Each structure stands twice: as structure tokens, then as C-alpha cells.
Amino acid sequence: MKITRISVEGLYGLHNYDIPFDESENIKIIHAPNGYGKTTLLKLISDIMNCKLFEISIIPFNYFTIQFDNSITIQVNKDQGSKESADKKQDIKINGDEEISIRYTLVQGDEKKEYKLTNRLNYTAMLEGKVPIHYIEKNLPFLKRIAQTAWYDTRQNEKLSYDEVMAGYGELLFVDEELREALNEIREQMPVHFIHATRLLSLRESGEGRLAGRRKNSAPSVLVYSKELADIIGAFLAESAALTQELDRTFPERLIEEITKKDDEDAISLEMINEELQALEKRRVKLQEIGLLSSSTIKGIHDTKNVDKHTLKVLGLYIKDSKQKLDVFNELETKVNLLREIINKRFNYKIMQISKQGGFLFELPNKALLSPDKLSSGEQNELILIFELLFKSKPNSLILIDEPEISLHIAWQQQFLEDMQAISDVTDVNIIIATHSPDIINGRWDLTTGLEEC
């Protein structure tokens, strides 16, 4: 599933844009000087796809349309109203019958469904704590009120305050359930991931559980992602260990079956065994070099006097099992290799090292190790971008990248599209880039729409 066109009318009361996408390409560039709304376009795509009604309500535009290659269209219309009517809306109660302010229209083929959302999505009311208690109880039945402004979340087994309810579930109060499900189905086909311009710091959870997820503090993104990579490696190692356990458990039965079956013309030879063992050793060495396996050595068989056909079958089954165990790392190996290749090609005097325990570190010429948060801002921006694209994006995702040129040397900017294409080939994602740098475009004006020309 891919976007084929986006259009907007009345953005900030100034701009009307109609941007077509080439379905044969997986990268689209939106180029403009500052002030033309290129970042806002990315934000609206993300907010509309994720039904972030509060965010949509505070961005001035008349309508925004997203068309897809499977005959689905999402259109959002807004009634901005006059200043006088807007002032009056601040006093309208959320549970009243109010004037329509936002309308979602979903079209699929000949079917068209309209969802009218009223001023119950009054952003100010939520921020100022004016959402009525009965409205929360009616629309969030899994919350049980235990005090005047406190609830027990029966799904997460937590006590929540009013602010925590709004932070965790506020959107659910203002989104039509049928609309939410329809958009969920679209996002399942094409998940959306927004890489913001302010990416050096990440919000991370403190404490335990869902409630803790709303109590966040900032940390350098490179440290957060380094820990995430270690966790990803740990998950693959656990999967490999589970497969090893299962193969070991069934090995005797499978071995007896292999030994007792009739010989055939395709029986493995000693020469083939040695070739397979050498190939296994090369594969293990590659996984060791990128930090996914501990060092070990497989030796070939040189004494052939006592190797009978049953022994060959044992070795053949061992090789088959070993391949399965290593194949668990195929996807991770490809991504880690590409991450290291891009980063080591860009960074001067530093070599990325991968650790199962620590994620990534950088080796200096004197063999000392440098923590990723000690990298320059440009190096951190590059590392964050590449990591998010490789490890935080699902297949067929739509990746929205805002101003990738931030803190990057011109030479790195000129190589950026090449990196994006290599990553897209591995991860099967589609990318929209908002930039004001001609060096990011690097001659690929065929992929680019200039907003100043729309």
C-alpha cells in the first residue's frame, strides 16, 4: 500500500498544495524554504492517519486529502469558523449538541463513509480539566472511579488521576469508534513512523507499567537506541536458544530416522561435509565480527579412515540443524551489516562495534571505546536516522523524515538518498522527506515537489 497523492487547501490560510507521488518510486521529497509548511504536511499525514484530532484541530487548514494506490481516500474537512464563533465555542459544553468542526470522509471504491466530529473535541476543555466526569465514565467503561478525580484502570491494574486519564486515554474520548477501527485497518496495511527534526533526545519511561509510560524523562536518543539494539540482539539470541533446545530435544528421533532410512543417490559425501563445515565456520565468523555470536571454531575432518556412512548422516543432520540455528539471525545480520557499513563509511576515525550486552560503541584509533553520546551532533543525527529506519520501522511502513540535513556535512547530505535507497531495499519501506537542502536532493529532482512552485 502506497500514497499516490496528497492535497491541502487553505493551509495557514495561505497555501494550496497538490502533490502527486510516483508509484514506481519508494522515496518522495518535499522541498521548500522555511515557512511553506513542509513540516506541517508531514505532521498532518501522521496525525490524520493516527486520528490525532486534538493536533488536527489546532492546525489551520480547510481540507486535507490522502489518496492510496488501493482506491482508498481519506479526506479531512475543517470548519474554521469566524473568530466570534470560535470564542463562543470555548464555552460550549462537551456533551452538548454543537456545530460540526471536523469531518472525516473515507472512500473505498464506490463506498463512502462520513464521520462528523463536533466540538466535543474541544482541546482547551481537556487541557483545563473541564471534561465532565460522567463523560469519562460513559466512554471509558474499563475505568472505575474510586475518588472524585481518581480511577482504577481494570485493564492495566493501576490507579490513575484525571491528568493521567487524559494523557493516556484522552484521544479515545473524542474519536468515533467506527472511524478509529477503519483507520486502524489502514495503518495495519501501512504503518506510519515520523522521524522528527528534534531527534537527539528521546522520552523514556521511568518506573513500571503503563502508568509509568506517561511519566517520562529525556535521555540522549543514541543511548536509548544502543540499549534497544542490545535488547533486539537478546531477543534473537533467545529465539535461537529456543530453537536449539527444540532441535536438541528431537535430535535422537530424527537421527534414528535418518540412519535407518534407505541410502539414496543424493547421500552426502565426506567432501561435501567438509565444504559445509567450512561454510558454517565462515558464517559464524561473520556473525562474531558484528557481535551477534561468541567466538568458536569448527574444524574440518581430515582423518577419513573411520568415517562410515552412518557417521556422515550424523554430521549431515548436525549441519542441517546448525544452519537452522544461524538462519534465525538472517534479518538482524542484514540490518546490522548495513548499519555498520553506512556509519563506518561516514564517521572519521571511529569504527562502530556491536555488543550483545551494550548495543553499539565506537572504537578510536588508540583502541579506546567511545560512548555514542560523546559523538558530535551531526554523527548522532546520522546514527539516529539510520537506526530508526532499520530497526524501528515495520515492513511497508510510511516513514516521514523531517529535515534530515540537520547538523550533517554537505558530503553526508549528498550521500543521504543513496543510504535511503539501500535501507528501503532492505526494509521494504516508503519514505517522504521534507527538506530545504538541495544537497539532500542531490540532482534527484524527479523525486521532488517544490512547494514554492505549487
Checklist line | the chain: antiparallel DSSP beta bridges as a percent of all, rounded to 5 | finding: 75 percent
Item checked: Cα-projected label distance for E228 with K309, points at 7 Å along beta-carbon direction, nm -> 5.5 nm
Notebook entry, point to check: Which shape class applies to region 317-454: rounded if a/c is under 1.5, otherwise prolate when a/b exceeds b/c and oblate if not, where a ≥ b ≥ c are the square roots of the Cα gyration tensor eigenvalues?
Noted result: oblate
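Can you give the FRET efficiency for E111 and Y135, using 1/(1 + (r/R0)^6), R0 = 25 Å, r = Cβ-Cβ distance, to the nearest 0.05?
Details: r = 31 Å, r/R0 = 1.25.
Approximately 0.20, to the nearest 0.05.
Suppose a student asked you for the relative contact order of the chain, using Cα pairs under 8 Å spaced at least 6 residues apart; what percent would you report?
Numbers: 645 pairs, mean separation 89.5, N = 454.
Once normalised by length, the contact order is 20 percent.
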Next item on the list: With everything on Cα atoms, drop me the angle between helix 330-346 and the longest principal axis of the chain, reported from 0 to 90° to the nearest 10.
Entry: 80 degrees
Item checked: Cα centroid separation - region 413-427 against region 349-373, whole Å -> 23 Å
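Packing-wise, with mean Cβ within 10 Å as the measure, how do 428-435, 351-358 rank, highest first?
428-435, 351-358
Return the FRET efficiency for the residue pair L14, H196: r is the Cβ-Cβ distance, R0 is 35 Å, and the value is rounded to the nearest 0.05. Intermediate values should be presented prior to the final figure.
On the way: r = 23 Å, r/R0 = 0.67.
With R0 = 35 Å, the Cβ-Cβ based efficiency is 0.90.
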Check: Once phi is turned into θ = phi - 60°, what whole-Hz ³J(HN,Hα) does the Karplus curve with 6.51, -1.76 and 1.60 give for every residue of region 62-72, x standing for Gly and Pro?
Finding: 8, 8, 9, 10, 10, 10, 10, 7, 10, 6, 9
Checklist line | Of K323/K350; K227/K374; K227/K394, pairs whose Cα-Cα distance is over 22 Å | finding: K323/K350
Checklist line | Whether region 136-204 is rounded, prolate or oblate, judged on the alpha carbon gyration tensor where a/c under 1.5 counts as rounded | finding: oblate
Item checked: the chain: angle of helix 270-289 to the longest principal axis, Cα-based, in degrees nearest 10 -> 40 degrees
Check: Using the per-residue mean of other Cβ atoms lying within 10 Å as a proxy for protection, in what order, highest first, do the peptides 17-30, 379-392, 175-188 fall?
Finding: 379-392, 17-30, 175-188
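Give the accessible surface of the chain per residue, rounded to a whole number of Å², with probe radius 1.4 Å and ligands, DNA and RNA excluded.
51 Å²
Rounded to the nearest 500 deg cm²/dmol, what is the calculated helix-only ellipticity per residue at 222 nm for the chain, with -39500 (n - 2.57) per DSSP H run of length n ≥ 4?
Numbers: 15 runs with 194 residues, N = 454.
Roughly -13500 deg cm²/dmol at 222 nm, from the helical runs in the chain.
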Check: Can you tell which of S46, M352, I386 lies farthest toward the positive end of the dipole of the chain, using +1 and -1 charges on the Cβ of basic and acidic side chains (Lys, Arg; Asp, Glu)?
Finding: M352
Notebook entry, point to check: Cα axis of helix 377-391 to longest principal axis of the chain: angle in degrees, 0 to 90, nearest 10?
Noted result: 80 degrees
Item checked: Computed label-point distance, nm, for sites E281 and K320 using a 7 Å Cα→Cβ extension -> 2.4 nm
Notebook entry, point to check: If you roll a 1.4 Å probe over the chain with all protein chains in place, what percent of the accessible area is carbon or sulfur?
Noted result: 48 percent
Item checked: Given charges at Cβ of Lys, Arg, Asp, Glu: the chain dipole, positive-most of M190, S161, F329 -> S161
Notebook entry, point to check: Within a Cβ distance under 10 Å of G291, other residues only, what is the Lys/Arg minus Asp/Glu net charge?
Noted result: +1
Check: Based on the alpha-carbon gyration tensor of the chain and its eigenvalue square roots a ≥ b ≥ c, which shape applies: rounded if a/c is under 1.5, prolate if not and a/b is larger than b/c, or oblate?
Finding: prolate
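The values are calculated or read from the model by the stated rules, or taken from the named source; none is laboratory data. All values derive from a computational prediction rather than experimental measurement. Cβ coordinates were reconstructed from backbone atoms using ideal geometry, including for glycine residues, and neighbour counts include every protein chain displayed. Quick note on the areas: whole protein, heavy atoms, side chains included, nothing else; ligands and nucleic acids left out. Shrake-Rupley method; radii C 1.70, N 1.55, O 1.52, S 1.80 Å.
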